[in-house]
Amino acid sequence: MSGAVLHWSIVLAQLLLAFGMACAAYRVLRGPRAQDRVLGLDTLYVTTAILLLTYGIRTGTTLYFEAALVIALLGFVGTAAMAKFLMRGEVIE
């Protein structure tokens, strides 16, 4: 019983995360300002990392956990660089 509940809750979480990724992709493509697009990209990488984590739980392999960690680290650095560029006009001083 608990195995079936875990399986269906992970499937539901993956579907909702995919919907969240679609909404974030829409914001990236149709954002009226650059700040909206940066926020959409930030949301996109976070939901991608969480989707990889749920897929790793579903399959039972640790490779997806490492990939999610790499995506989270690169996404954070990218978001910080884009925010600095939007505030100051340059990334490296």
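Summing +1 for each Lys or Arg and -1 for each Asp or Glu among the other residues whose beta-carbon sits under 14 angstrom from that of residue 74 gives -2.
3J(HN,Hα) along the stretch 35-50: 5, 5, 5, 5, 5, x, 5, 4, 5, 5, 6, 5, 5, 5, 4, 5 Hz, from the Karplus curve 6.51 cos²θ - 1.76 cosθ + 1.60 with θ = phi - 60°, whole Hz, x for Gly and Pro.
If I take every Cα pair under 8 Å that is 6 or more residues apart in the chain, average their sequence separation and divide by the length, what percent do I get for the relative contact order? The partial results should precede the final answer.
Details: 74 pairs, mean separation 22.8, N = 93.
Relative contact order of the chain: 24 percent.
Over all other residues within a Cβ to Cβ distance under 15 Å of residue 23, the charged ones net out to +1, with Lys and Arg as +1 and Asp and Glu as -1. Simple rule: put +1 on each Lys or Arg Cβ and -1 on each Asp or Glu Cβ in the chain, find the dipole, and look at 74, 19, 60; the Cα lying farthest toward the positive end is 19. Karplus-derived 3J(HN,Hα) values for the stretch 4-19, using 6.51 cos²θ - 1.76 cosθ + 1.60 with θ = phi - 60°, are 5, 5, 5, 4, 6, 6, 5, 5, 5, 4, 5, 5, 5, 5, 5, 5 Hz; glycine and proline are entered as x. Of interest is the spacing of the C-alpha centroids, which for the stretch 1-45 and the stretch 57-86 amounts to 14 Å. A cut-off under 11 angstrom between Cβ atoms defines the neighbours of residue 36, and their net charge, with Lys, Arg +1 and Asp, Glu -1, is +3. Taking only the Cα atoms of the chain, the radius of gyration and Dmax are 16.0, 58 Å. Computed about the Cα centre, the dipole magnitude for the stretch 2-88 is approximately 340 debye when only Lys and Arg (+1) and Asp and Glu (-1) carry charge, each at its Cβ.
A short reminder: the numbers here are calculations on the coordinates, not readings from a lab. Predicted model only: the values in this text are computed from it and were never measured. All Cβ positions, even for glycine, are placed from backbone atoms using ideal geometry, and neighbour counts span all protein chains on display.
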